[in-house]
Amino acid sequence: MGQEYFTGALDQENIHIYLHEVGHTFGLDDFYDWSPTGQCCFLMKAGSATAVTEFDKWMLRDFWRHLKPRYGL
Ligand SMILES: [Zn+2]
């Protein structure tokens, strides 16, 4: 993400590119060439949403639900 974009967007309620990148820090992947069945628009599918969606939240919970037993968290 460009520095100019980030500083220029600081007064926005949802800095959606930043939020997308933060999603990667939580282990979420990009969806450039496919969408999960029934899901058209969510933050981790770049350009399809401008705020965190319920599906983004579900993916985050699902990712950590699988990590928890694997690493005894
Ligand atoms: Zn990405």
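Based on the Cα atoms of the chain, what semi-axes does the equivalent ellipsoid have, where each is the square root of 5 times one gyration tensor eigenvalue, given in whole Å with the largest first? Provide the component values of the computation, followed by the final result.
On the way: eigenvalues 116, 50, 21 Å².
Values for the chain, descending: 24, 16, 10 Å.
Compute, for the chain, the length of the dipole vector about the Cα centre, with Cβ point charges of +1 (Lys, Arg) and -1 (Asp, Glu) only. Units Debye, rounded to 20.
Values: 6 positive and 10 negative charges, 102 e Å.
Here the size comes out at about 480 debye.
Test of understanding: in a Gaussian network model of the chain with alpha carbons linked when under 10 Å, which of THR50, THR25, THR37 would top the mean-square fluctuation ranking?
With Cα springs under 10 Å in the chain, the top fluctuation among THR50, THR25, THR37 is at THR37.
Helix-only mean residue ellipticity at 222 nm, the chain, DSSP H runs n ≥ 4 weighted -39,500 (n - 2.57), per residue, nearest 500. What is it? Working shown, then result.
On the way: 3 runs with 34 residues, N = 73.
The helix-only estimate for the chain comes to -14000 deg cm²/dmol at 222 nm.
Share of region 3-71's accessible area from carbon and sulfur, percent, 1.4 Å?
On the way: 2830 of 5080 Å².
That share works out to 56 percent.
What's the angle, to the nearest 10 degrees (0 to 90), between helix 54-71's Cα axis and the longest principal axis of the chain?
Compared with the principal axis, the helix lies near 40 degrees.
The values are calculated or read from the model by the stated rules, or taken from the named source; none is laboratory data. A quick note: this is a predicted structure, and the numbers were derived from the prediction, not measured. Glycine gets a Cβ as well: all are built from the backbone with ideal geometry, and neighbour counts include every protein chain shown. In case anyone asks, the SASA skips ligands and DNA or RNA and just uses the protein heavy atoms, side chains included. Shrake-Rupley method; radii C 1.70, N 1.55, O 1.52, S 1.80 Å.
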